[in-house]
Amino acid sequence: MSGNSTYQPQNKAAQWFEKRLPIGGLIHSSFVAYPTPRNLNYWWTFGGILSFMLGVQIITGIVLAMHYTPHVDLAFRSVEGIMRDVNYGWLLRYLHANGAAMFFLAVYIHMFRGLYYGSYKEPREVLWILGVIIYLLMMATGFMGYVLVWGQMSFWAATVITNLFSAIPGVGDTIVTWLWGGYAVGNPTLNRFFSLHYLLPFAIAGVVILHVWALHVAGQNNPAGVEPKSDKDTVPFTPYATSKDGFAMACFCIFYAWFVFYVPNYLGHADNYIPANPAVTPPEIVPEWYYLPFYAILRSIPNKLMGVIALFGSIGILAFLPWLDTSRVKSARYRPVYKQFFWLFVIACIGLGWLGTKPPEGVYVILSRLLTFYYFAFFIIVLPLLGIFEKTKPVPNSISESVLGAKA
Amino acid sequence: MTTVSSAEHTRRDFLYIATGAVGAVGAAAVLVPLVAQMNPDASTIAAGAPVDIDLGPIAEGQIVKVFWRSKPIFISHRSKHDIELAQNVDVASLPDPAPDSARVKPGHDQWLVVIGICTHLGCIPLAHQGDYDGWFCPCHGSQYDSAGRIRRGPAPLNLPLPPYKFVSDTKIQIG
């Protein structure tokens, strides 16, 4: 990766090893000597937090898999066994379930940070798209994990989400039967979801490596949105970024632990403690909070196929963001009009999330449609036009100038 | 080592293309079992055999739910009121136009047999609810009438009819 490493181990054995596999030099140049912009703020610490959360999910998940049975007659019971019988099973399961929520919280902050500071712009387009791929994999993984519990919400989430594919004209039903391995969600479905839920986190880890690689080729963006020009603009990764990331991670862990130990079921749904019943749909079904905005978009459109297209489109459009935003100025600091549209977009996303929990009737439908319109308009109308019409503020000449003032 | 001009066709070119072609055919052939294993297996298909349902115990106005191929089937014993309501609808105004006569078997107007899966995203609609004397889907608010036809909401189609026949006046076979 970038940064010219001068790594020279002192120890003779380490030197012998380094000559044969220069992994020490790779780590040194990537995570020790690696130059990071000196003006990074705490919004930049979520990349490290996300890597940490992926590790937490993989470790707790592997352990949970040792006690879980992917069979329709035994799955719910085995989860209750984890909660009641397995030593510290309650802790491991709550860490895993709340860990998913924390993972999504961190990824949303990470994505909004990228959006605010223009981190998707040249030369970081591939870096951004890899991030979108990671996000998609996270959504698939989170959904399948939720199904494994095999409560009422699990079962009906599986039914609704797999039925999204039935909207595809002509081959929809064939695809859905193929996904189920039966005529409805059942044992084959649960079994394959378990297999894939175990696989996908490692796929995520693979794309994360590409994401970090692309990051280290392009270098980090920063709050000023100008590229580092000299040594004055950067500081070495260690100790500056490691200590800052470490501090943020510890604070995040306290927040995470508060959920795990004090309100472990706050983010879940009580109906998922009822075993799956294919004969009865719960009176209201709601996805996990991190999918709510997309659920609201799906419901806001009265046509089935168009609703499904809007749902997938609302995520897919993120991949085109680097080309939809025509402005050359990266950071919203110097884009007064964009900044307002950005915050409106944040409000729209949170608003859609809130509407996702409401019944699809009356004023909620109208609000959902308005916010869905704004969601898409932000990408398709606002961003392309702002680049042409917005009068941006003067951008600093360098990072050190933005930090220390013009005389530096 | 001899060097061969790349402009000429050689035996090596032939071997490259032949090897590549065999490899491509092999890879495509391997996809067949990998994809097919996901489809319903033999036991699932066998469990989907026809089932007989005795209609005798179902009182007028009652709707019962039975299972066929893991799908819920609604059997509704419709009252005169239900039937009239279903027949007196302007068919052309429906989202998925179908006269009531196409929803039941001839001579068995009082029996409506439909697959109880919302055609929107697969939830099970609740009976005796909604504005049309039929079903209401709790997930996204679709409403069906007493003939199982979609009247309002995001669902695109009427509740589908399963294959079934009257074995006698009080017994049907589904499947």
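The values are calculated or read from the model by the stated rules, or taken from the named source; none is laboratory data. No experiment lies behind these values; they were computed from the predicted model shown. No Cβ is skipped: glycine too gets one built from the backbone with ideal geometry, and neighbour counts run over all protein chains shown.
Side notes on the structure shown:
- Positions within segment A:330-386 being among the basic types (Lys, Arg) and either within 24 Å of residue B:136 (Cα to Cα) or within 14 Å of chain B (Cβ to nearest Cβ) (or both), in sequence order: A:358, A:369
- Residue check, residue A:222 in contact (Cβ under 8 Å) with a residue 40 or more places away in the chain, in a loop (DSSP other than H, G, I, E, B) and not small (Gly, Ala, Ser): yes
- Summed over segment B:152-173, residues that are within 13 Å of chain A (Cβ to nearest Cβ) and charged (D, E, K, R) total 1.
- Scanning segment A:359-384 for residues that are surrounded by fewer than 18 Cβ atoms within 10 Å (Cβ to Cβ) and free of Cβ contacts under 8 Å to residues at least 24 places away in the same chain gives A:361, A:362, A:363, A:366, A:367, A:370, A:373, A:377, A:381.
- Scanning segment A:232-283 for residues that are away from chain B (no Cβ under 14 Å), closer than 30 Å to residue B:126 by Cβ, surrounded by 13 or more Cβ atoms within 10 Å (Cβ to Cβ) and among the small types (Gly, Ala, Ser) turns up just one, A:268.
- Residue count for segment B:103-141, restricted to those that are farther than 23 Å from residue A:299 by Cβ, at pLDDT below 90 and either buried (at least 23 other Cβ atoms within 10 Å of the Cβ) or of a type in the set (S, T, N, Q) (or both): 1
- The helices (runs of 4 or more DSSP H) located wholly in segment A:1-117 that include 1 or more residues which are within 27 Å of the chain's Cα centre (by Cα) occupy A:23-31, A:46-65, A:75-84, A:89-117.
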